[in-house]
Amino acid sequence: MLKANEIEALVQGRSLWSDARRRFMRNKAALVSLCLLAFIALACVVGPWLLPHAFDSADWDAMSAAPSWKNAHFWGTDDAGRDLLVRCLVGGRVSLTVGLLATLASVSLGIVWGATAGFIGGKVDSLMMRIVDMMYAIPYLLIAILLVTILGREFYLVVLTITVFSWMDMARVVRGQTLSLRSMEYVEAARAMGVSTTRIIFRHIVPNLLGVVVIYTTVTVPGVILTESVLSFLGLGIQEPMTSWGVLIQDGAKAMEVTPWILLFPAGLLSVTLYCFNFIGDGLRDALDPKER
Amino acid sequence: MWSYTLRRVLSAIPTMLVVITVCYLLLHATPGGPFDSERKVSAAVLANLQAKYHLDLPLWQQYLLYLKSVLQGDLGASFRYADWSVNDLVASALPVSAIIGGGSLVLSLVIGVTLGIFAALRQNSMVDYLVMLLGNVGSAVPSFVLGPVLIIIFAIGLQWLPAGGWNNFELRFMVLPIVLLTVINVSTIGRVMRGSLIEVLHSNFIRTARAKGLPTHIVVLRHALKPALLPVVSLIGPLAISSITSALVTETVFSLPGLGKLIVNGAGNRDYTLVLGLVVLITVLTVALNLLVDLAYAWLDPKIRY
């Protein structure tokens, strides 16, 4: 006869998260994307300090210069003679920061909104979800443009504007998950075994909620970065001399007939970043929710 | 069905009202009036101007007046273009946006559904890879990157088509914008169509149809297509909203005189009434479109009960 603690030792072994990590590690595309993204983020943070040029100072000998190794303009310069690589990295700082901040804010809002609606249920739930439906029907970019027109183009206002229109997915998913988790058989079984409510919440509800939260967070980040870029591209986001990938792409698009690299480098960087987030999101979905495949 | 329709129509009205109200209040919460310009005008002229635009009334009366005129289809006057009303500007811009947006939506539905069908029928074939590749491109290469790239290739490199502009509905100027929007929409439609058709093809009634000995094209076209199209129908609503985003970008990239360009310029000039009018107009249009799509969905899907 096995003792109780021996049984526990046999049954434990693999947690939800170590299982997920194992599945994620096996996904080559996701792993490569993660490394690439880490490299891009690192380059954006430390790169501008290591490179010889400043992002806002002009090199009068090299205006709209093609990429070359000689004068250390590895990605060339823009039409004002500013080093493109440094500008791309500094722009990356801004774009990624906006992405992280707005994602953090909208994810928190979405979780609180969705969990509240799911737990309380009834009239409150249907009212809260009606508001979410309403937000979905609104062409958000237009309202964002209106907000930016009225409030100005400060950094934190851009973050705020993006946040207001990107929390609904998370709220919906978290609500659905909360509703279905509440009536799950294993929650019922735990309750029948006399497990306390707090322990049920932390042992069964939260880990299962965390899965979808993590997945939808990785989906939210590229969406948010994209929205910032669109706003900046339209000239309604981050303002000169500060820059972001959207601003750089706008600058590049103006000059693409003669100096296409000014467009192609930031555009490529943005696309690679978005690709990475997509692959990581897919990988996490497969790793955390094997049923979904 | 009628009570469901009525309920949906009634629930769309608060959405529109909330949007109009919030936008209106936001606009009026901003410091600075429309007439504090560099040029000083005399007090009498200012009073006349304010009376003309009802700025001398309390806010709630102004708001009600605005609502009334919106209901009558009048979006007010533009702040920047003195001789133009917002309606005039919309009337000149709407056809451009409508033909680009509508054309690309129809085109991308046809192409997307067709590609999706072929991809689902021949998984891991060339068409399937094309659909998945397009899906990836659509989700990671944003329209404001793809647009300039198209221009570099087809207008600057090959010199087949103009790089932008608008010449009185001449077809040559419409090709690239429509292609851009179509590529982006096809990526979503193709992926959704592929997924839903694969799912439908695994269901029992398809097995029955095959067991009866029906040829594949009958099985697909007569039995599988209709249920598989449902998710695509429900996609039209979000697609319309995202194509507003792409329209803003497309019209900026190709300098088309459409609604998107109008709103971007209006925002740049801080032309409050123009932006407000356009936001109200487009919100009402999208909410109405979403409503229509929901009703169509309820009508098409026998599983939905009201």
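Report yes if some residue within segment A:201-216 is surrounded by 14 or more Cβ atoms within 10 Å (Cβ to Cβ) and within 14 Å of chain B (Cβ to nearest Cβ); otherwise report no.
There is no residue in segment A:201-216 that is surrounded by 14 or more Cβ atoms within 10 Å (Cβ to Cβ) and within 14 Å of chain B (Cβ to nearest Cβ).
Failed condition for B:LEU171, given (1) buried (at least 17 other Cβ atoms within 10 Å of the Cβ); (2) more than 22 Å from A:MET256 (Cα to Cα); (3) at pLDDT below 80, with all others met?
Single failed check for B:LEU171: (1).
For residues in segment B:195-224 being under 17 Å from B:GLY112 (Cα atoms) and in contact with a helix residue (DSSP H, G or I) (Cβ under 6 Å, 6 or more places away or on another chain), which is surrounded by the fewest Cβ atoms within 10 Å (Cβ to Cβ)?
B:ILE198
Just need a number here: residues in segment A:149-163 that are surrounded by fewer than 22 Cβ atoms within 10 Å (Cβ to Cβ) and within 11 Å of chain B (Cβ to nearest Cβ).
Counting residues in segment A:149-163 that are surrounded by fewer than 22 Cβ atoms within 10 Å (Cβ to Cβ) and within 11 Å of chain B (Cβ to nearest Cβ) gives 4.
Considering only segment A:1-51, state which residues are within 27 Å of the chain's Cα centre (by Cα), at pLDDT below 80 and farther than 24 Å from A:ALA287 by Cβ.
Selection gives A:GLY47, A:PRO48, A:TRP49, A:LEU50.
Being surrounded by 15 or more Cβ atoms within 10 Å (Cβ to Cβ) and either within 14 Å of chain B (Cβ to nearest Cβ) or farther than 30 Å from A:TYR275 by Cβ (or both) narrows it down to one of A:ALA255, A:ALA189, A:ALA171, so name that one.
Of A:ALA255, A:ALA189, A:ALA171, the one residue that is surrounded by 15 or more Cβ atoms within 10 Å (Cβ to Cβ) and either within 14 Å of chain B (Cβ to nearest Cβ) or farther than 30 Å from A:TYR275 by Cβ (or both) is A:ALA255.
Looking at segment B:268-284, which of its residues are facing chain A (nearest Cβ under 9 Å) and farther than 13 Å from B:SER78 by Cβ?
Matches in segment B:268-284: B:GLY268, B:VAL279, B:ILE282, B:THR283.
If you go through segment A:200-240 one residue at a time, how many are at pLDDT 80 or above and of a type in the set (D, E, K, R)?
1
What are the residues in segment A:217-241 that are loosely packed, with under 13 Cβ neighbours inside 10 Å and not acidic (Asp, Glu), if any?
A:PRO241
A:SER126 fails exactly one of the following numbered conditions: (1) buried (at least 17 other Cβ atoms within 10 Å of the Cβ); (2) within 14 Å of chain B (Cβ to nearest Cβ). What is the number of that condition?
A:SER126 satisfies all of (1) buried (at least 17 other Cβ atoms within 10 Å of the Cβ); (2) within 14 Å of chain B (Cβ to nearest Cβ) except (1).
Could you please find all residues in segment B:286-298 being crowded, with 16+ Cβ neighbours inside 10 Å and either touching a strand residue (DSSP E or B) at 6+ places or on another chain (Cβ under 9 Å) or within 11 Å of another protein chain (Cβ to nearest Cβ) (or both)?
Within segment B:286-298, B:THR286, B:VAL287, B:LEU289, B:ASN290, B:LEU291, B:VAL293, B:ASP294 qualify.
Since A:THR243 meets every condition but one in (1) at pLDDT below 85; (2) within 12 Å of chain B (Cβ to nearest Cβ), which condition does it not meet?
Only one criterion in (1) at pLDDT below 85; (2) within 12 Å of chain B (Cβ to nearest Cβ) is unmet by A:THR243, namely (2).
Being part of a helix (DSSP H, G or I), in contact with a helix residue (DSSP H, G or I) (Cβ under 6 Å, 6 or more places away or on another chain), among the hydroxyl-bearing types (Ser, Thr, Tyr) and crowded, with 19+ Cβ neighbours inside 10 Å is the requirement here; does A:SER95 meet it?
Criteria met by A:SER95.
Within segment B:103-138, track down each residue that is β-branched (Val, Ile, Thr), under 24 Å from the mean Cα position of the chain (by Cα) and closer than 29 Å to A:ILE280 by Cβ.
Those that are β-branched (Val, Ile, Thr), under 24 Å from the mean Cα position of the chain (by Cα) and closer than 29 Å to A:ILE280 by Cβ: B:VAL131, B:VAL137.
Would you list the helices (runs of 4 or more DSSP H) that sit entirely within segment A:138-243 and hold 1 or more residues that are in contact (Cβ under 8 Å) with a residue 60 or more places away in the chain, within 25 Å of the chain's Cα centre (by Cα) and more than 26 Å from A:ALA117 (Cβ to Cβ)?
Passing ranges, in order: A:140-151, A:155-164, A:206-233.
Checking B:VAL106 against (1) modelled with pLDDT of 80 or more; (2) in contact with an Asp or Glu (Cβ under 9 Å, 6 or more places away or on another chain): exactly one of these is not met. Which one?
(2)
So which residues in segment B:254-285 are of a type in the set (A, V, I, L, M, F, W, C), within 14 Å of the chain's Cα centre (by Cα) and buried (at least 20 other Cβ atoms within 10 Å of the Cβ)?
Across segment B:254-285, the qualifying residues are B:LEU259, B:ILE263, B:LEU278, B:VAL279, B:VAL280, B:LEU281, B:ILE282.
For segment B:119-135, which positions are among the hydrophobic types (A, V, I, L, M, F, W, C) and surrounded by 19 or more Cβ atoms within 10 Å (Cβ to Cβ)?
B:ALA119, B:ALA120, B:VAL127, B:VAL131, B:LEU134
It is to be established whether one or more residues within segment B:225-237 are loosely packed, with under 12 Cβ neighbours inside 10 Å and part of a helix (DSSP H, G or I).
no
Tell me whether segment B:243-251 contains one or more residues that are surrounded by 21 or more Cβ atoms within 10 Å (Cβ to Cβ), within 25 Å of B:ALA140 (Cα to Cα), aliphatic (A, V, I, L, M) and without any contact (Cβ under 8 Å) to a residue 40 or more places away in the chain.
Yes.
Quick check on B:GLY116: is it over 29 Å from A:VAL258 (Cα atoms), surrounded by 19 or more Cβ atoms within 10 Å (Cβ to Cβ) and within 14 Å of chain A (Cβ to nearest Cβ)?
No, not satisfied.
List the helices (runs of 4 or more DSSP H) inside segment B:1-71, counting only whole elements, that have at least 2 residues being at pLDDT 75 or above, surrounded by 12 or more Cβ atoms within 10 Å (Cβ to Cβ) and within 14 Å of another protein chain (Cβ to nearest Cβ).
B:2-29
A:LEU269 - would you say it is within 8 Å of chain B (Cβ to nearest Cβ) and either charged (D, E, K, R) or in contact with a helix residue (DSSP H, G or I) (Cβ under 8 Å, 6 or more places away or on another chain) (or both)?
It is false that A:LEU269 is within 8 Å of chain B (Cβ to nearest Cβ) and either charged (D, E, K, R) or in contact with a helix residue (DSSP H, G or I) (Cβ under 8 Å, 6 or more places away or on another chain) (or both).
Residues in segment A:244-267 that are in a loop (DSSP other than H, G, I, E, B) and either within 21 Å of the chain's Cα centre (by Cα) or not small (Gly, Ala, Ser) (or both): how many?
6
The values are calculated or read from the model by the stated rules, or taken from the named source; none is laboratory data. From a predicted model like this one, the values you see are computed outputs, not experimental measurements. Glycine also receives a Cβ, built like all others from the backbone with ideal geometry; neighbour counts cover every protein chain displayed.
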